[in-house]
Amino acid sequence: MSAQANLKLRELEASDDDKGFLDLLAQLTVAGEISQQQFKDRFQLLQSKQPDYYIVVLEDVDKQRVVASATLLIEYKILRHCGKVGHIEDVVVDDGYRGQKLGQRVIAALMAHAQSQGCYKVILDCSDSNVPFYEKCGFTRKEVQMALYLTARQTA
């Protein structure tokens, strides 16, 4: 990325499947084969869940490519006086744009959204190698992440 790149921070748009959004996600994990119709349908579903499901992207406007993205999910609690907790997921910056603090920009946008929605905290899971990055964003290490991956189950 050149220092002159024209980057725009914005919410995910329906046309972002044509701007490399799925290729960007594939740099993070398995995105899978998704048709344009599947993307459109999922986008519409996610839009119906706003402001509780919020995806922010950075677009290189000159190249018409999405080069960074992150997602915030808002959980409604009974605890903490029926408070809300933000969960950050799917933070990714394109390989060619790393080292430019773009990850910090998308995290800051999610934090602002969480605050505007009344979240009392924001949490995330990350690998040990990403801890220093999130500490730069103001997060502190707390507790342990655990996962149980569910496989597709056949119905009888």
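How much net charge surrounds Leu7 when only the other residues with a Cβ under 12 Å from the Cβ of Leu7 are counted, with Lys and Arg +1 and Asp and Glu -1? Kindly include the intermediate steps, with their values, before the conclusion.
Details: positive: Lys8, Arg10, Lys63, Arg65, Lys101, Arg105; negative: Glu59, Asp60, Asp62, Asp94.
Net of charged neighbours comes to +2.
What is the sum of charges around Lys121, taking Lys and Arg as +1, Asp and Glu as -1, for the other residues whose C-beta is under 12 Å from the C-beta of Lys121?
On the way: positive: Lys77, Arg80, Lys84, Lys142; negative: Glu75.
Result for the neighbourhood of Lys121: +3.
So which aspartates and glutamates can Lys121 reach, going by Cα to Cα under 12 Å and dropping same-chain residues fewer than 8 places off?
In chain and number order, the partners are Glu75.
Using Cα centres only, tell me the gap between region 12-40 and region 97-144 in whole Å.
A separation of 22 Å, based on Cα centres.
Just for the chain, what percent of DSSP beta bridges are antiparallel, to the closest 5? Could you put the intermediate results ahead of the total?
Details: 21 of 26 bridges.
Here the antiparallel bridges make up roughly 80 percent for the chain.
Which listed residue (Val66, Gln36, Phe133) has the Cα farthest towards the positive end of the charge dipole for region 17-156, taking +1 on Lys and Arg C-beta and -1 on Asp and Glu C-beta about the Cα centre?
The residue sitting farthest along the positive end of the dipole is Phe133.
Using only helices, what value at 222 nm comes out for the chain when you add -39,500 (n - 2.57) per DSSP H run of length 4 or more and divide by the total residues, to the nearest 500 deg cm²/dmol?
Numbers: 5 runs with 44 residues, N = 156.
Dividing the helical sum by the residues of the chain leaves -8000 deg cm²/dmol.
At a Förster distance of 22 Å, what's the computed FRET efficiency of Gln38 paired with Leu150, Cβ-Cβ distance as r, to 0.05?
Details: r = 20 Å, r/R0 = 0.93.
After rounding, the FRET efficiency stands at 0.60.
Could you give the length gained by full extension between Arg105 and Val131, i.e. 0.36 nm per residue of separation minus their alpha carbon distance, to one decimal place? All intermediate terms of the calculation are to be shown ahead of the outcome.
Details: separation 26, 0.36 × 26 = 9.36 nm, distance 1.67 nm.
Length gained, Arg105 through Val131: 7.7 nm.
Excluding Arg42 itself, what net charge comes from residues whose Cβ is under 14 Å from its Cβ, given Lys and Arg +1 and Asp and Glu -1? Intermediate values should be presented prior to the final figure.
Numbers: positive: Lys40, Lys49; negative: Glu13, Asp16, Asp17, Glu33, Asp41, Asp90.
In short, -4.
Every number in this text was worked out from the coordinates using simple rules, so none of it is lab data. Model, not experiment: these values are computed from the prediction. Neighbour counts run over all protein chains shown; Cβ positions are idealised from the backbone, glycine included.
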